[in-house]
Amino acid sequence: MSLVKIGPKHQITIPKNVRSALHLEAGDLLEIVIKEGKGMLVPKTMATKAPTLKLTTGEQKLLEAARKKIQLINEDHVNSKGLTRKEADVAAKVGIIDPEQKYWWLEDWQKGEREAQQDIAAGRVSETFTDAQSAINHLRSL
């Protein structure tokens, strides 16, 4: 149990252990529910907030580089570079890319994507398929 004192302007300070346990930050809204002569402070969120991830200075730099590369890949896939493994790891850690799809964002994979786009643009594609089964059938016929 944490005790708080009402200040001269009728304000209270929520103790750090309570703020941490409820993931409260400055600016968050609380509802005061009065029931049977007691008041309860209830955070006003639709879902439980996840704890904020702590990143090292190095991870923060990697994340900034990853964000820039991801934006460039999304804007101009053919003229962009993929992420390094460390950039992909931190981007997945904070949730800006799917951890199961990290490989797609890596430079080795992006190099192949660029080559495929260049082949398509240059007309070096002999077959096109409307569905996966057609492509599979074609590969089996080779």
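The values are calculated or read from the model by the stated rules, or taken from the named source; none is laboratory data. Owing to the predicted nature of the structure, the values given are computational and were not obtained by experimental measurement. Neighbour counts run over all protein chains shown; Cβ positions are idealised from the backbone, glycine included. These area figures cover heavy atoms from the full protein model, side chains too; ligands, DNA and RNA do not enter into them. Shrake-Rupley method; radii C 1.70, N 1.55, O 1.52, S 1.80 Å.
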Confirm whether Ala116 is among the hydrophobic types (A, V, I, L, M, F, W, C) and without any contact (Cβ under 8 Å) to a residue 24 or more places away in the chain. yes
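Give the residue, chosen from Glu36, Glu59, Glu64, that is open to solvent by 70 Å² or more (accessible area, probe 1.4 Å), among the charged types (D, E, K, R), closer than 30 Å to Glu107 by Cα and free of Cβ contacts under 8 Å to residues at least 40 places away in the same chain.
Answer to the selection: Glu64.
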Considering residues of region 73-97 that are assigned to a loop (DSSP other than H, G, I, E, B) and either touching a residue at least 60 places away in the same chain (Cβ under 8 Å) or open to solvent by less than 80 Å² (accessible area, probe 1.4 Å) (or both) only, the residue nearest to Gly58 (Cα to Cα): Thr84
Residue identified as touching a strand residue (DSSP E or B) at 6+ places or on another chain (Cβ under 9 Å), of a type in the set (S, T, N, Q), part of a helix (DSSP H, G or I) and surrounded by 11 or more Cβ atoms within 10 Å (Cβ to Cβ) among Gln110, Gln118: Gln110
